[in-house]
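> Sharing a structure here in structure tokens format.
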Amino acid sequence: LQTLLYHDTTEDDDVPSVSKAGGHFSDDVESIALTDNIRSDDTTTLRKYLSPTFVVKDLKKRGINHVMVEGGPATARTFLEERAVDRAILIRAPFCFQKPLESFISEESLTNAGLEKIGTSTCDGDSVEYWSRPNLPWPTEDLSEWP
């Protein structure tokens, strides 16, 4: 099993550098540096970022058709904004944090990404929502059995 590590080449003191030459990786890890992806953020400044569209296209060229992306709200929003999501499972736990961090992921953002809610369930007290592109069948008949 090979691991692909996509990363930008931002030179920032707060971000550790990624370097295969530095001996941090074994032979089964391929480091893929992205140097020319630029976009505007909310403050209209330009910054480098990892384009989900680029990553998905690169994986497809490598024969990889299914990927699970785990990350925080910023990662999820970026994939949704670029419509690089075919299916999504949202799990909401019933607790409140003293200083909650808003995800800004809503039914509207999922719908704008081309997804529709196809079902809900509960698991150990958590609320689970299943979202998919229209006409894309879920891999299992029982939604909760996948992945």
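The values are calculated or read from the model by the stated rules, or taken from the named source; none is laboratory data. In this text, all values refer to a predicted model and were calculated from it rather than measured experimentally. Note: ideal-geometry Cβ built from the backbone for every residue, glycine included; neighbour counts use all protein chains shown. Each accessible area value is taken on the protein alone, full model and side chains, heavy atoms only, with ligands, DNA and RNA left out. Shrake-Rupley method; radii C 1.70, N 1.55, O 1.52, S 1.80 Å.
> Over the range 51-110, what percent of the accessible surface lies on carbon and sulfur atoms, probe 1.4 Å? Walk me through the numbers on the way to the answer.
Working: 2640 of 4660 Å².
Looking at the range 51-110 in its full context, I get 57 percent from C and S.
> May I ask you to list the residues of the range 49-71 whose amide nitrogen lies under 16 Å from a point 7 Å from Cα along the Cα→beta-carbon direction of residue 33?
49-50
> At 1.4 Å probe size, what's the solvent-accessible area of residue 77? Round to the nearest 10 Å².
70 Å²
> Additional query: Give me the net charge for the shell around residue 114: Cβ to Cβ below 15 angstrom, other residues only, Lys and Arg +1, Asp and Glu -1. Numbers along the way, then the final one.
Working: positive: 77, 83, 87, 117, 133; negative: 81, 82, 86, 107, 108, 116.
For residues surrounding residue 114, the net value is -1.
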